[in-house]
Each structure stands twice: as C-alpha cells, then as structure tokens.
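Notes follow the structure.
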Amino acid sequence: MNILFCFPRVQAEPWVAELRKNLPDARIEVWQAAAVDPLMADYGVVWAPPQAFIDEQSRAPGSRMKALFNLGAGVDALMQLDLPAHLPVVRLQDAGMGPQMVEYVLHAVARHVRELDVYEAALKSGDWPFRKPRARADFPVGVLGLGVLGSQVAQALHGLGYPVNGWSQSPKQMAGVQCFHGAAGLDDFLAATRILVCLLPLTPQTENVLNASSLGRLQAGAYVINVARGGHVVDADLIALLDSGHLAGAMLDVFRTEPLPSEHPFWRHPKITLTPHISARTLRSESLAQIAGKIQALERGDALDGVVNRSRGY
Ligand code: NAP
Ligand code: GLV
C-alpha cells in the first residue's frame, strides 16, 4: 500500500515517521511537486494540498487513489479544489480536538461572563475593583453547529449551568440543550442567545451566516465567539454592531485571510480578542492514529465514519 503525505506548511518528517509507526507495512513518502517518476498512492494524507497533487494522484495515468484523508475537521479548503466526484474525502473526527475546543470556548465564555478582562485591565492600572457577580442564567449560550465539536461544547456549557441553545441542519435532541434546526429555526435560536459560539463547517449555505441581520437578532449586549472559519462572519457587520453597542465583544480565532493582514481593523478593535487559529489544533499522534485506523478499515472493506458528503460540503 502506498501513502503520500502532503501538508506543505509543516516539517513532514515527524508526521511521516508517526504514520509509519501506525502502518509499518505501507510505503509512505512526502509528495514532491513535479516529480519525474512520482509514487502513485492508494491514500493521500493531506492538509490544503495544491491542485497539482489531486491531478497527478487521481487523474494522471497510473493513478490509484482510493481516498483522501484531511488532516483537520473542516474540509472547506479541499472543497475549493477540483476533486474527482468518485474520490472519498475523509475528515478528522475529534482526534483530540474536542477537549481543546471545549477548553477554548469555556475560557472565552468565562472570561466574558466573569469580566476577567475588566478585572485584568483595572488591576494593571492599580485599581482593586468590586463588581456585582453575574448569573450564568442571564447568559444563554447558543452553539451554531451541533456536530462532533459543537455537541461537546454544548454539553460542557450545560454541565456548568449555562442555559444552552443549539442549531443544526437536521433536527436533534440533546439533554439540556434547546435544539433548533434549519433556516426556519435560526431566528428563534438567535433571539434566545446572548453568547454565540460558531462551530459550523464553512459551506456555500453557511458562508456569511454571521451578518448584520443575524447578529442583530441576538440579545442586546451579546458576545460572539467564532472558532469555525472566518468566512462565516461579515467582518464589517460585526464591527458595526460592536461599535453601535449591540454587541458587547467578540473572541475570534479564525479569519477570512490568515495570518490576519496587519491593516485589518480587528487587530486594534478594543472589543475584539484575537487568537491565531489555535482553538483546536491537529494533534499529530491522535490524528494519524485515527487515519491509520480508517485506512485499515477501508482495506478490510469496512464502512467508515467521517466521509464527507460532497453535495452538503461537510
Ligand atoms: P461536524 O461534526 O460536521 O458538525 C457540523 C455541524 O454543523 C452539524 O451539527 C451540522 O448539522 C451543522 N450544520 C452544517 N451546515 C449547516 C447549516 N446549513 N445549517 C445548520 N447547521 C448546519 O463538524 P465538527 O467536527 O464539529 O467541526 C465543525 C467546524 O469547526 C469544522 O468544519 C471547522 O471549520 C471548525 N474547526 C475549527 C478549528 C479551529 O482550530 N478553529 C478546529 C477544528 C474545527 P447536522 O448535524 O444536522 O448535519
Ligand atoms: C481546523 O481548523 C480544522 O478544521 O481542523
């Protein structure tokens, strides 16, 4: 079995070594652009590969690619490529991202509700402030996307005593979570929400979902946490609603262009906290163990979880 690794931004050797530990009988190499006699792979293990990888490995004479494994939960970058319709695309499911995402969102929610940023600023200027405690019951959290990650975040928030709403494509039932679904359920979900967490995949249906109209329907003084993709947010609309006071603040981990361009107004906005796309990292050993397990399952002819529905885009 041949496997090609293509993740242009990382140093490939430790990844390939880890994959070899999981699949000792496989021939595993790093993909090289325009190789004279390229290895033709049965499986690709990739993050944001160039179109040339896809063309060489799934369309050129001798190609034998059986599936493409994405080294992340979101497949939006892959969906931008011209992929053969028959080629299964498999995404990471949790693989250690769930606990990271829960930690990040709980941190962001607590920082806002407990006013940790306010205390931090006051203490830095020598004040010893007293503020009235705020009740969790007054901060209903709405989680957009109740999939592998969103459902864990919703459950963790419920476990802490927050009122929790969730929105998904299909109807769901989840203990302690008031579930809404589909376009028809969005307005009621937003009206019931004071802290919004975005954990949707980026698809043509969800692009720009956080705009003047939807953000304007959130409860007054709402807080926005985007840990999904920058393309979900209309940046100018978010800034306008922060400036008008309708939104109290935002914590953003993802951006339309990454790294965030130095001239972007998010950098200097006093109500925005930024992190550089770190809310849930792809962990090498967990991710490659999951992918190796799925390759072995495919080789046995077993059905797989995490195969992207190409018409839905996630
Ligand atoms: P997932 O399991 O596929 O869950 C996606 C959820 O979104 C599902 O509940 C789905 O509804 C819902 N959804 C999709 N399209 C919708 C629509 N048009 N309307 C309403 N709901 C819709 O994905 P995941 O593993 O939880 O990951 C979610 C996203 O998080 C990824 O796509 C990625 O972009 C992002 N992410 C970011 C980081 C980071 O470091 N910032 C790390 C990991 C992931 P159904 O359940 O009804 O299908
Ligand atoms: C990271 O953003 C991922 O999609 O895994």
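The values are calculated or read from the model by the stated rules, or taken from the named source; none is laboratory data. Keep in mind the model is a prediction, meaning the values are calculated, not measured. Here the Cβ is made from the backbone with ideal geometry for all residues, glycine too, and neighbour counts use every protein chain on show. We work out accessible area using only protein heavy atoms, side chains counted, and drop any ligands, DNA or RNA first. Shrake-Rupley method; radii C 1.70, N 1.55, O 1.52, S 1.80 Å.
Of the strands (runs of 3 or more DSSP E) that lie entirely inside the stretch 215-314, those containing 3 or more residues that are small (Gly, Ala, Ser) and either at pLDDT 95 or above or buried (at least 21 other Cβ atoms within 10 Å of the Cβ) (or both) span 247-252. Which of the residues spanning the stretch 55-77 are farther than 25 Å from MET97 by Cβ, outside any loop (DSSP other than H, G, I, E, B) and in contact with a Leu (Cβ under 7 Å, 6 or more places away or on another chain)? Passing the criteria: GLN57, SER58. The single residue among ILE278, ILE225, ILE295, ILE291 that is within 12 Å of ligand 1 (Cβ to nearest atom) and closer than 23 Å to VAL10 by Cα turns out to be ILE278. Exactly one residue among ARG136, ARG91, ARG131, ARG111 is in contact with a Phe, Trp or Tyr (Cβ under 7 Å, 6 or more places away or on another chain), under 30 Å from HIS158 (Cα atoms) and either open to solvent by less than 60 Å² (accessible area, probe 1.4 Å) or of a type outside the set (A, V, I, L, M) (or both), and that residue is ARG136. On the given criteria, is GLY145 under 29 Å from SER285 (Cα atoms), surrounded by fewer than 19 Cβ atoms within 10 Å (Cβ to Cβ) and within 12 Å of ligand 1 (Cβ to nearest atom)? In short, no. When the stretch 39-56 is examined, which residues are found to be touching an Asp or Glu at 6+ places or on another chain (Cβ under 9 Å) and surrounded by fewer than 18 Cβ atoms within 10 Å (Cβ to Cβ)? Selection gives LEU39, MET40, GLN51, ASP55. Do you know which of the residues in the stretch 64-88 that are small (Gly, Ala, Ser) and surrounded by fewer than 16 Cβ atoms within 10 Å (Cβ to Cβ) is nearest to the chain's Cα centre (by Cα)? Among residues in the stretch 64-88 that are small (Gly, Ala, Ser) and surrounded by fewer than 16 Cβ atoms within 10 Å (Cβ to Cβ), the one nearest to the chain's Cα centre (by Cα) is ALA77. Could you tell me whether the stretch 112-128 includes any residue that is at pLDDT below 95 and part of a loop (DSSP other than H, G, I, E, B)? For the stretch 112-128, residues at pLDDT below 95 and part of a loop (DSSP other than H, G, I, E, B): absent.
Note on the stretch 1-48: enclosed strands (runs of 3 or more DSSP E) holding 1 or more residues that are within 24 Å of MET79 (Cβ to Cβ) and of a type in the set (Ser, Thr, Tyr) are 43-46.
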